[in-house]
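The block underneath contains the structure these notes are about, expressed in structure tokens.
The values are calculated or read from the model by the stated rules, or taken from the named source; none is laboratory data. Every value quoted in this text rests on a predicted model; they were computed, and no experiment measured them. Cβ placement follows ideal geometry from the backbone for every residue including glycine, while neighbour counts extend to all protein chains displayed.
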Amino acid sequence: MRRLGKYHLVTELARGGMGIVWLAEIRGPRGFAKRCVVKELLPELARAPHRRAMFLDEASLASRLSHRNVVQTHEVGDEDGRWFMALELLEGLTLRRLQELAEPRGLRPALAVRIASEVLRGLHHAHELGDERGEPLGIVHRDVTPQNVFVTFDGQVKLLDFGVAKSRAPREETRDGFAKGCLAYMSPDHVAKAPIDRRADVFAVGVILRELITGERLWGDADDRAIVCRLITGEVPIFEPRHVARVPSALRRLCEMATAAERAERFTTAHHMAEALDAWLSVEDPDGSLVSELVALFDGELAPARDEVRASLRVARPLPRPPPVPARARTTELATRDLVPIPPPPPLPHSVARRGAFTRRETFTTAMAVIAGIAAIVSVAASRLDDEPERGSPDVVATSDPDPTP
Ligand SMILES: Nc1ncnc2c1ncn2[C@@H]1O[C@H](COP(=O)(O)OP(=O)(O)O)[C@@H](O)[C@H]1O
Ligand SMILES: [Mg+2]
């Protein structure tokens with residue numbers, strides 16, 4: 001099995017443009033094993049200094065985030081030119097997978113809203129991150145997509161992949177000139193290469209929410225070029241008449257505000273959008289619960305998908321064996337063990353000894369004494385019988401022959 005630093009790489013979970021995501025283990029004595037995820041920068045990219053710098057940016061930013069809605073990063077390291085970061089292992093599905101399984105119906109609106117609200121809480125934590133002096137870093141995730149949101153089997157929602165997140169720094173551009181990230185969730189300001197702020201992430205969550213509720217992609221089958229053209233002219237698709245019955249009007253308004261082409265019309269922060277969604281929930285679904293609804297989904301309709309993931313994580317691992325011992329040493333060990341005298345049992349307490357079983361010798365002695373006793377009694381009785389006829393013969397004669405005379 002391959003190793004990277006102190007991590008044993010068990011199996012590959014995913015492979016993206018930047019790296020490989022491994023299921024990994026840290027091992028300790030007596031079969032101790034703690035599972036985690038190791039995200040390794042692809043070796044060919046690790047040779048390029050700017051890629052390494054991006055990877056380190058992601059790791060150092062992610063390791064400073066600590067929030068229940070953000071995957072936890074443990075450490076970053078390099079070994080022989082291989083760069084990696086270690087993360088907590090999440091057991092669940094990406095939101096993309098959940099979305100695919102729920103299509104074409106879409107999720108229950110209240111569940112979709114709860115998931116979006118959690119993503120916004122995680123994003124707000126990142127947006128608010130400050131430097132050592134507490135000055136805001138102006139972080140923008142820039143790649144909020146359903147592939148980068150994870151929903152765990154126990155009902156948690158976690159934001160992943162700060163790979164292209166930036167803090168007020170020039171953006172990385174892809175070779176064909178588009179800003180990095182997935183176009184289908186990008187805002188017009190992001191595509192226009194204007195300096196972006198946290199409202200670009202708010203836009204992305206708005207798109208995700210709309211897609212989760214309607215069960216349809218915002219851009220349908222449009223290709224990247226068509227999407228860019230429409231975004232540049234500020235055309236963001238609105239809800240279709242067929243959605244009206246399914247999506248309550250107040251919720252439609254919230255989604256449209258989040259995805260406003262003009263960013264000044266969007267929620268100013270992720271926190272504000274989360275508050276608005278929670279307010280909607282408090283009216284429309286006051287008794288609902290994210291955890292119980294997700295757990296019910298994974299225990300019911302989505303159980304096959306859950307079991308498939310669990311099986312892939314349950315990679316058979318043989319129990320740790322003791323280190324092999326050379327044949328001669330083993331013989332010596334056995335011989336030595338055989339020669340060790342077995343210590344005598346401790347003396348029994350008096351009361352226990354009296355109740356205890358006889359030893360063989362005691363049994364033999366007792367039996368011999370009983371036999372001798374019986375033999376003595378028998379011989380005394382026999383000698384008495386020998387004497388008896390002389391003393392009692394008239395009675396005997398009289399009994400057997402009462403009238404002997406003719
Ligand atoms: N901590 C984790 N636990 C479980 N799966 C993960 C974890 N991190 C990433 N993954 C899986 O790996 C995929 C790619 O990870 P991501 O961090 O998004 O890297 P990339 O930069 O390649 O997109 C995710 O979509 C998810 O399926
Ligand atoms: Mg990703």
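What the table below lists for this structure:
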{"quantity": "Top-ranked residue of the range 77-97 - restricted to ones that are more than 9 Å from ligand 1 (Cβ to nearest atom) and closer than 29 Å to Ile115 by Cβ, ranked as surrounded by the fewest Cβ atoms within 10 Å (Cβ to Cβ)", "calculated": "Met85"}
{"quantity": "Residue list for the range 38-76, restricted to those being among the small types (Gly, Ala, Ser) and either surrounded by fewer than 18 Cβ atoms within 10 Å (Cβ to Cβ) or touching a Cys at 6+ places or on another chain (Cβ under 8 Å) (or both)", "calculated": "Ala48, Ala53, Ser60, Ser63, Ser66"}
{"quantity": "Those residues of the range 148-168 which are more than 10 Å from ligand 2 (Cβ to nearest atom) and among the aliphatic types (A, V, I, L, M), in sequence order", "calculated": "Val151, Val157, Leu159, Ala165"}
{"quantity": "Matching residues in the range 262-289 - criterion: being surrounded by fewer than 17 Cβ atoms within 10 Å (Cβ to Cβ) and either modelled with pLDDT under 95 or part of a loop (DSSP other than H, G, I, E, B) (or both)", "calculated": "Glu262, Thr268, Asp285, Pro286, Asp287, Gly288, Ser289"}
{"quantity": "Enumerated helices (runs of 4 or more DSSP H) restricted to the range 12-105, each holding at least 2 residues that are touching a strand residue (DSSP E or B) at 6+ places or on another chain (Cβ under 9 Å) and not assigned by TED's automatic domain parsing to the domain that holds Leu120", "calculated": "43-46, 49-63"}
{"quantity": "Hey, Val21 within 12 Å of ligand 1 (Cβ to nearest atom), out of contact with any helix residue (DSSP H, G or I) (no Cβ under 9 Å at 6 or more places or on another chain) and not acidic (Asp, Glu) or not", "calculated": "yes"}
{"quantity": "The range 133-168, subset within 9 Å of ligand 1 (Cβ to nearest atom), of a type in the set (A, V, I, L, M, F, W, C) and not in a strand (DSSP E or B), residue farthest from Ala116 (Cα to Cα)", "calculated": "Val164"}
